[in-house]
Amino acid sequence: MTATVSFTIDSPHGPRTATAAYERTGTGEPLLLLHGIGHHFQAWHPVTGILAAEYDVIAVDLPGFGASAALPDGVPYDLDTVVPALGALCAALGVERPHVAGNSLGGLLALEMGRRGLVRSVTALSPAGFWTQGERRYAFGALRAMRAGARALPGPAVAALARSAAGRAALTSTIYA
């Protein structure tokens, strides 16, 4: 069952409240699951049950994704903001130094959490961030273009495209094969 948690983050304008959606299941040592860009915690559903047999699994929607609110106005979405926010989220959930697994953007965040000593262990699946400057420019340009296209495309058009395999391919082929 989806739940939400609110927690305090630091910002250039002083403390702000952030809210995240998550699902929690299982028992054992805590395991935080972080999805990739453009996704949500349900991406982990194929393995959540398996992991829950041994871990207290917490699958979270990153700020601004899925059912989680965006970061408060004026708070940048970067490693120096999101990583401490994830630490604050863990504290709000009563979790100290969880294991963490992440995919793509989630993998980058997991690695940075590990570098900062916020977690027990890190599993990074296809982590973002290991690119040349040219690859970085391409990735960020593609993401900006997708964001602009998503904002410009009317909701009914998205719904119509999502009903067919060809439409879904047109909507998502930049990120998903």
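The values are calculated or read from the model by the stated rules, or taken from the named source; none is laboratory data. Small disclaimer: the values here were computed from a predicted structure and weren't measured. Using ideal geometry, Cβ is built from the backbone for each residue, glycine included, and neighbour counts are taken over all protein chains shown. Heavy atoms of the whole protein, side chains included, go into the accessibility calculation; ligands, DNA and RNA do not. Shrake-Rupley method; radii C 1.70, N 1.55, O 1.52, S 1.80 Å.
Points worth noting:
- Residue in the range 71-82 that is in contact with an Asp or Glu (Cβ under 7 Å, 6 or more places away or on another chain), open to solvent by less than 60 Å² (accessible area, probe 1.4 Å) and at pLDDT 95 or above present: no
- Complete set of residues in the range 29-63 that are outside any strand (DSSP E or B) and open to solvent by 50 Å² or more (accessible area, probe 1.4 Å): Ile37, Gly38, His39, His40, Gln42, His45, Pro46, Val47, Gly49, Ile50, Ala53, Glu54
- Selection from the range 8-32 of residues that are touching a His at 6+ places or on another chain (Cβ under 9 Å) and either modelled with pLDDT under 95 or closer than 18 Å to Ala67 by Cα (or both): Ala21, Glu23, Leu32
- Hits in the range 9-28 (condition: hydroxyl-bearing (Ser, Thr, Tyr), closer than 25 Å to Gly114 by Cβ and surrounded by fewer than 14 Cβ atoms within 10 Å (Cβ to Cβ)): Thr27
- Pairs where the first residue, in the range 108-135, is closer than 18 Å to Asp78 by Cα and open to solvent by less than 50 Å² (accessible area, probe 1.4 Å) and the second is among the β-branched types (Val, Ile, Thr) and part of a loop (DSSP other than H, G, I, E, B), C-beta under 9 Å, 6+ apart: Ala110/Val119; Met113/Val119; Ala128/Ile37
- In this entry, Glu112 passes the filter for residues that are more than 22 Å from Glu23 (Cα to Cα), in a helix (DSSP H, G or I) and touching a helix residue (DSSP H, G or I) at 6+ places or on another chain (Cβ under 7 Å).
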